[in-house]
Amino acid sequence: MTNISRFRVSPEKARWSMNPDDLPFSCTDEIKPPEMFIGQDRAVSAIEFGLGMDAPGYNIFVSGLSGTGKSTVIRSHLEAAVERRAAQNGEQEFHDWVYLHNFERPDQPAAAQLPQGMGTDLADAADSLLQVVINDLPAALGDDSYTERVRELNDRTANYRREVISEVERAAEQQGFTVQAGPAGIAVIPKVNGEPMSQEQYLALSDEQREQLESVRTEITRQVERAMDEIRKRDRDAVEQLRDVQRNATESVIGPAFDAAIERFKEAGAEETADYLAGLRAYSHDSAAQIISGKAGDDGNPPGPQQLADPRLPFRVNVFVDNTGRTSPPIIMEDNPTYSHLFGHIDRRPMMGTYVTDHTMLRPGTLAQANGGYLVIDARMALSHAAVWPALKRVLKGGEVRPEDPEDLLPGFLPPQPLRPEPIPIQLKVVLTGEPDIYQLLAAMDPDFWEIVKVRADLNHEVELSPDILHAYSQFVCGLCNENGLRHFSADGVLAIIEHSMRIVDHQSKLSARFGLLVDLVHESAHMAQREDSEHTERRHVQEALDARRSRSGQVSDRMQQLLLEGTLKVDVEGEEVGQVNGLAVYSAGDVAFGKPSRITTQAFMGSDGFINIEREVALSGKSHDKGVLIMAGFLGDRFAQRFPLAVNISIAFEQSYGPVDGDSASSTELYSILSELSGVPIRQNIAVTGSVNQKGEIQSIGGVNEKIEGFFDLCKEAGALGDAGVLIPASNERNLMLRQDVIEAIRNGEFHIYSAQTVEDGIEVLTGVDAGAPDDEGNYPTDSVNGRVAARLQQFAERYREFSQPKR
């Protein structure tokens, strides 16, 4: 029997530890919170570079796993960038944006830029002008001189119309025709004996008579048409004269108010607004009666150039972006980037069985609200909403945005009342956040991505352990206690938090940078201290919080443990078996992961099919597991098929496994089972195994090593099988060990053991207690070694298979 104690991992190597006296404080209330972000120098440098670039397209994608502090890092650096801009450029100028009625194209509301704070001033000014029109104009339009002048123009126009029509009728009568007006227009009809000619009388005429009659009718029709042209021209002149009369009457009343408003906004540099007020002035002259009454339609006054459902609508100003009182560029964190939230939308109201809208119902999105500043968008959420990503690219490339409904972009969709507002030019910095896989997806699949996002800041999810980092983590705990009124942590309590941070990343020389996960533990641990009324939060409180967390999420693991203990799931933790070994897997139940052992068995028999992966045969094996099986075939070929072919069938199965099996972390485990089956040497069942293997027989590291070890430890403890039990892991996983304290105590007391293996030979010696055997110069293994017995049986299979394969004489 070989001595396997040299493969054991000492308890000191199974968990990182530090004397709390080596920390430069006894409690976190003695230190200060951190002044900078911990371990993210590369990402911070990238963010600062992106924020400092003013060239187009230098938007930023901040990638990192959840809990790495993306939002915190971004907000703090944006606030710092705002302060730097203020220091470099002085007080920044901001603008308001308004949407106004477009007198030429009401379906295309006009956008106008105003100096900061003047958007509401314009709205107030327009409302004041409306009140002037409503309150002061009725007296002017009701003046006797005005009404007399209007009546005189109307009478003159009516008299002229009657004179022209009478003259045409007399001319027609003289030639035996009458002129009649009907729904289809004016008709010229011949007369017989003073009465209009009937259809029968007309048909009774000879062709020559009808031809002569039609010639006269054509001439009279031309005269009628010339007369009607004259009447229409006179009517148009009359309308203009009436408008002039109305303008003269209204200008004296509303003119001074409009002059003052126009001059005020011109002096402020708002030329577009001055043009709008000039248009509003003309509209007030032409549509005064409708504005006063608030109703559209003909009320005896000359009709305006437009008939609006609400004649007072042009006076209403939509203050789209109001920067009144703003002293620094806006920073907006858009956590729900729907189409409407980002780009704005158009409201509609029901009216007479349909929906109507106008410029006052345009609503801004965060792109317009963040104009001149910074907008932070969750990339995954943006991609999950239809039409958002293409529209965002269009806005960032074009530099302008307008409110619109996403349905308007659908082919064939006709909105009840379409509006196409003028776009607003924007200049802002967009910061996208998301996981690394989102960045990789966009970079690989979207050819436009590089044009609009030229800077990546990748937040690391782990940081290297160093004295400075230890102190920074202590400051982090201090800051949380100060901000949230928590009980401060003792030095040993801080070390417990740091050890859990190592456990998160499964590494003794790295700490987790996913501070969101640590924040929860700090709060829960402080709660345990408060419940105990302890002055400080100690290590035991951190452990209580972790135990409570496992208990809350431990129903699934407890149920599996129960099935193993009662024998429903068959796993032996005592004795020895040939071709049977306990593998280990990791299961996740929300925020808690746990290990579970499972039995792996192998059967070997003569044949030429090679490896029979039962999981693959029933379509339960993943690609990584299939690869591991093929690697084992390569290993056996390298070790034992150099002088004779392999004439063996090897059947491998995960017993009582009814779901998909993937990953190669059990490939070494399966290989040990194969070697045991071929050699006939039994494997200890109180040692579970994890680790992958390559074709050279080297054991490779795997993930979840702590959960796997603890899962088997818990089973052995519950089954009363501690003493000589243990777990075999890859030697390269020793640096990943951060085992629970109870497991460390069991190792220290000799009740549980961790073994590490660098090669298959190391592992088989641990599991069997038999020397693996090294080949001599001729490639022969010692006959009593595991490899020697494997080689002998494989040679026996080959010889017997050759005998069966030869034709009988």
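Using the Karplus relation 6.51 cos²θ - 1.76 cosθ + 1.60 with θ = phi - 60°, the per-residue 3J(HN,Hα) values for the stretch 41-54 come to 4, 5, 5, 4, 4, 5, 5, 5, 5, x, 5, x, 8, 9 Hz, with x marking Gly and Pro. Remark on I426: its backbone amide H falls under 5 Å from those of E400, V401, a criterion applied only to residues 5 or more positions apart or on other chains, H modelled at 1.01 Å from N.
Calculated FRET efficiency, L313 to Q209, Cβ-Cβ distance, R0 = 56 Å: about 0.35 to the nearest 0.05. Placing a label point 7 Å from the Cα of D638 along the Cα-to-Cβ direction, the residues of the stretch 673-701 whose backbone N falls under 11 Å of that point are 693-699. Peptides 120-132, 234-246 ranked from most to least packed, by the mean per-residue count of other Cβ atoms within 10 Å: 120-132, 234-246. Projecting the Cα atoms of L465, Q530, I744 onto the charge dipole of the chain, computed from C-beta unit charges around the Cα centre, puts I744 farthest toward the positive end. Our coupling estimate for the stretch 131-139, obtained by passing each phi through the Karplus curve with A = 6.51, B = -1.76, C = 1.60 and θ = phi - 60°, is 5, 4, 4, 5, 8, 9, 6, x, 5 Hz, Gly and Pro reported as x.
Of the residues R643, R616, R312, R156, ranked by 1.4 Å probe accessible area with the largest first, the sequence reads R643, R616, R156, R312. For the stretch 342-452, a crude dipole built from +1 on the beta carbon of Lys and Arg and -1 on the beta carbon of Asp and Glu, taken about the Cα centre, is about 240 debye to the nearest 20.
The alpha-carbon of K429 sits under 16 angstrom from the alpha-carbons of these lysines, leaving out residues fewer than 8 places away in its chain: K393, K397, K454. Taking every protein chain into account, the accessible area of the stretch 204-326 amounts to 53 square angstrom per residue (probe 1.4 Å).
Let's test the formula: R0 of 51 Å, r as the Cβ-Cβ distance of E167 and N336. What FRET efficiency results, to the nearest 0.05? So, using R0 = 51 Å, E works out to roughly 0.10. The heavy atoms of S466 offer some 40 square angstrom of accessible surface to a 1.4 angstrom probe. If only the Cβ of Lys and Arg carry +1 and only the Cβ of Asp and Glu carry -1, the dipole of the chain around its Cα centre is close to 1620 debye.
A protection proxy built from the mean count of other Cβ atoms within 10 Å ranks the segments 491-500, 16-25, most packed first, as 491-500, 16-25.
What the phi angles of the stretch 730-745 give under the Karplus curve with 6.51, -1.76 and 1.60, with θ = phi - 60°, is a coupling list of x, 4, 5, 8, 4, 5, 8, 6, 9, 6, 4, 5, 5, 5, 4, 5 Hz, glycine and proline written as x.
Solvent-accessible surface (1.4 Å probe) assigned to E225 amounts to roughly 110 Å². Each peptide in 93-104, 554-565 receives the mean, over its residues, of other Cβ atoms within 10 Å, and ordering these scores from highest gives 93-104, 554-565. Rolling a 1.4 Å probe across the protein heavy atoms gives the stretch 690-809 an accessible surface of 45 Å² per residue.
Given their separation in residues at 0.36 nm each and the Cα-Cα distance between them, V519 and A181 gain 112.7 nm when the chain is fully extended. The length gained by stretching the chain between K393 and K627 to full extension, at 0.36 nm per residue less their Cα-Cα distance, is 80.1 nm.
The slack between A268 and E576, meaning 0.36 nm per residue of separation minus the straight C-alpha distance, is 101.5 nm.
Taking all protein chains as shown and a probe of 1.4 angstrom, S252 keeps an accessible surface of around 90 Å².
Working from Cα pairs under 8 Å separated by at least six residues, relative contact order for the chain is 16 percent. Each of T221, A204, L129 was scored by the projection of its Cα onto the charge dipole of the stretch 95-243, and the greatest displacement toward the positive side belongs to A204; charges sit on the C-beta of Lys, Arg, Asp and Glu.
Between the amide H of S534 and any residue lying 5 or more places away or on another chain, no distance stays under 5 Å, with hydrogens modeled in the peptide plane. Put +1 on the Cβ of each Lys and Arg and -1 on the Cβ of each Asp and Glu in the stretch 245-367; which of I346, A249, A260 then has its Cα farthest toward the positive end of the dipole? With unit charges placed on the Cβ atoms, the residue in question is I346. Between N248 and D21, the modelled labels are 10.8 nm apart [label points 7 Å from Cα along Cα→Cβ].
Between E435 and N3, the C-beta separation translates, for a Förster distance of 41 Å, into a calculated FRET efficiency of about 0.25.
Against the chain, whose longest principal axis comes from its Cα atoms, helix 144-174 is set at around 70 degrees. Here the chain exposes an accessible surface that is 48 percent carbon and sulfur, computed with a 1.4 Å probe and the other protein chains kept in place. Taking amide H as placed 1.01 Å from N in the peptide plane, I612 has its amide H under 5 Å from the amide H of I650, S651, I652, each at least 5 places away in sequence or on another chain.
A simple charge model with +1 on the Cβ of Lys and Arg, -1 on the Cβ of Asp and Glu and nothing else charged puts the dipole of the stretch 557-647 at about 340 debye relative to its Cα centre. Against the main long axis of the alpha-carbon atoms of the chain, helix 388-398 sits at an angle near 60°.
The values are calculated or read from the model by the stated rules, or taken from the named source; none is laboratory data. Owing to the predicted nature of the structure, the values given are computational and were not obtained by experimental measurement. All Cβ positions, glycine included, derive from the backbone under ideal geometry; neighbour counts span all protein chains shown. Ligands, DNA and RNA are stripped out before the accessible areas are found, and what is left, the full protein with its side chains, is counted by its heavy atoms. Shrake-Rupley method; radii C 1.70, N 1.55, O 1.52, S 1.80 Å.
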